[in-house]
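Presented below is the structure to which this report refers.
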Amino acid sequence: MDTILGQVLRDAVWERLDVLSELANRADAPSLLSVARSELPRLTAGWRTLLTAHEPDERGNCPECSTWLRQRKAPCAVWRSAYEHLVAGGLAPRPARHLRPAQQLRRAAPVP
Ligand SMILES: [Zn+2]
């Protein structure tokens, strides 16, 4: 990929991320729900594709990040970044209700 095409590609990705961030910050609830339904599957599919390419080989090295001169042990930077953003960050699933401390559990709102 030449330099200009690479820059166009990177700019398009940054722009898309900016649009999604703007929507997350400013869109009304129905628009946000619509965007979430269309974009979350695309984002998760993208992560899955990326992470599949970075799965360790039989020697425990990342085939994408390794070169013939230097092998990169798994988890590589891509997997560490995925963990940081998807598990340790805000997208981490909440623990099951029975595993949460009692003070974190909210009372159910009374039904009017
Ligand atoms: Zn890798």
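Any idea how many residues of the range 35-70 are in a loop (DSSP other than H, G, I, E, B) and either more than 16 Å from the ligand (Cβ to nearest atom) or surrounded by 10 or more Cβ atoms within 10 Å (Cβ to Cβ) (or both)?
11
Among the numbered criteria (1) at pLDDT 95 or above; (2) within 16 Å of the ligand (Cβ to nearest atom), which one does V13 miss?
Result: V13 passes all but (2).
Cβ-Cβ below 9 Å, separation at least six or inter-chain, first residue in the range 5-34 and closer than 15 Å to G46 by Cβ, second among the aliphatic types (A, V, I, L, M) and assigned to a helix (DSSP H, G or I): which pairs?
Short answer, once both residue conditions are applied: L20/V35; L20/L43.
The values are calculated or read from the model by the stated rules, or taken from the named source; none is laboratory data. Remember, it's a predicted structure, so these values are computed and weren't measured experimentally. A quick note on method: Cβ atoms are made from the backbone with ideal geometry, for glycine too, and the neighbour counts reach across all protein chains shown.
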